[in-house]
Amino acid sequence: MIITLENLNYIYNPNTPFEKKALDNVSLNINEGDFIGLIGHTGSGKSTLVQHLNGLMRPTSGKINIDGIDISSKDADLKRVRQKVGLVFQYPEHQLFEETIYKDIAFGPENLELGEDEVHKRVQKAMKLVGLDFEVLKDRSPFELSGGQKRRVAIAGVLAMRPKVLILDEPTAGLDPRGRDEILNSIQTLYKEEGITIILVSHSMEDIARMVNRIVVMHRGKVAMEGSAREVFSQVEKLEKMGLGIPQITSFMRHYKLKGNDIRDDILTIEDAKIELIKYLRSREDA
C-alpha cells in the first residue's frame, strides 16, 4: 500500500456559522501501480481529498500514511512527502514563470540541490514522457506554446521531481480537442512506460472509463462507491442520485439492449461497442 487513509475528517471554518464538513470519515487504500479515477459532483470533496495527499491541507482528524510516512503527525517531513506525491492543479500553466521551458522544468530538481548533470537528465526525461521535443523546445519561452503544450510543460515540472504518485486535478479543463488528446495520450504513455501510480480527477466519464483501472466515487465528503469501471458504471441509478452519469456509449448500449437486441450493455468505450455491434449484427445475418 503506497497511500492509506484512516477515518479522515476535514472541517472548513470550524466553530463558526460557516462550518462545513468537507471530508467525512474517509478510509481508502491506494496501491502502488494503481490508476484511479476520482469522480464526484462539484462539492463532493474530491479536491479537498487530493490536497491532503501531499500535505497541502492537514486533516481535522484521522490518519494519512504516504509510503511509510504518517503525514498527519505534527513533525511529518512534508518536503519529503511532496517529492513522493506530485500534484498538478487545474490550469497548472498559470504557474509557469521562467523565461525558458528548460528552466521552468528544472526549478523543482534544482531546489532539491541536485547536481547539474542530474537536473539535466531529469528535464530531458520529463519532456520525453510528456511528448515534448527537448532539442526543439528547451530554450523557447513557455508562453509561446499552445494551451496543451503549456500544460504538458507544467506536468513535466512535476515529473522531474520523480514522484511515486502523480495526482492530476481536471488536467484537460479548458483545452480544445487537440490539447485534450495531447494531455490524455501523455498520461497514458506515462502510466504504461513508467508504472507510476496515478490519481485522475475528472468530470469526463468517457476519459475515466477509457483510462483507469479503479474508480473512487465521492459524495458529500464520503467515499460512496469504489471498484472497477465496469462495476461502478453498472450502478446507474445510484450514480444518477449523486448527480453523476455514465459514459455516453454505455448509455447507448443499455438503451439498444432494452429495445430487444441481445447485446452486452456493460460496454465502456466506443472501440468495444464497435466490436460488440459487429459481432451482434453478423450473428443476426447468420441466423
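Could you calculate the FRET efficiency of Lys63 with Glu206 from 1/(1 + (r/R0)^6), where r is the beta carbon distance between them and R0 is 35 Å, rounded to 0.05?
Details: r = 35 Å, r/R0 = 1.00.
Taking R0 as 35 Å, the efficiency between Lys63 and Glu206 is 0.50.
Scan around Gly40 for amide H atoms under 5 Å from its own, H built in the peptide plane at 1.01 Å from N, and keep only partners 5 or more places away or cross-chain.
Excluding prolines and chain starts, which carry no amide H, the hits are Met218.
Can you list residues whose amide H is under 5 Å from Leu23's amide H, if they're 5+ apart or on another chain and H is modeled 1.01 Å from N?
Distant-sequence amide H within range of Leu23: Tyr10.
Return the whole-Å distance between the Cα centroid of the stretch 74-144 and the Cα centroid of the stretch 182-229.
23
Which of the aspartates and glutamates could a cross-linker bridge to Lys74, judged by Cα under 20 Å and excluding same-chain residues fewer than eight apart?
Partners within reach: Glu6.
Among the DSSP beta bridges whose two residues both lie in the chain, what percent are antiparallel, rounded to the nearest 5?
50
Comparing Ile187, Ile30, Ile263, which has the greatest mean-square fluctuation in the GNM of the chain with Cα pairs linked when under 10 Å apart?
Ile263
In the stretch 169-270, with Lys and Arg counted as +1 and Asp and Glu as -1 at Cβ, which of these residues, Asn213, Ile183, Ile263, has the Cα nearest the positive end of the dipole, that is, farthest along it?
It is Ile263, whose Cα lies furthest towards the positive end.
List the trypsin sites (Lys or Arg not before Pro) in the stretch 238-284 that DSSP assigns to loop (not H, G, I, E or B) and whose Cβ has at most 16 other Cβ atoms within 10 Å. Which are they?
Those satisfying the criteria are Lys259, Arg264.
Could you pull out every one of the lysines with an alpha carbon less than 19 Å from that of Lys257, ignoring same-chain neighbours closer than 8 positions?
Result set, ordered by chain and number: Lys274, Lys279.
Determine ³J(HN,Hα), in whole Hz, for all residues of the stretch 210-218 in sequence, where each value follows from phi through the Karplus function 6.51 cos²θ - 1.76 cosθ + 1.60 and θ = phi - 60°; x replaces Gly and Pro.
7, 10, 8, 10, 7, 10, 10, 9, 9
In straight Cα distance, which lysines are under 18 Å from Lys138, not counting same-chain residues fewer than 8 positions off?
Cα-Cα hits under 18 Å: Lys103, Lys121, Lys125, Lys128, Lys150.
Of the labelled options (1) 70, 54, 33; (2) 56, 46, 35; (3) 85, 42, 39, which one gives Cα extents along the principal axes in Å as computed for this structure?
Correct label is (1).
Between Glu231 and Glu285, what FRET efficiency comes out of the Förster formula 1/(1 + (r/R0)^6) with R0 = 30 Å and r the beta carbon distance, rounded to 0.05?
Numbers: r = 33 Å, r/R0 = 1.11.
Approximately 0.35, to the nearest 0.05.
What would the Debye equation give as log₁₀ I(q)/I(0) for the stretch 76-226 at q = 0.10, 0.14, 0.16, 0.20 Å⁻¹, counting only Cα atoms as equal point scatterers?
Reported log10 I(q)/I(0), two decimals: -0.35, -0.68, -0.87, -1.31.
Here, each number is a calculation from the coordinates, and none is a lab measurement. Keep in mind the model is a prediction, meaning the values are calculated, not measured. For neighbour counting, all protein chains shown are included, and Cβ atoms are generated from backbone atoms with ideal geometry for every residue, glycine included.
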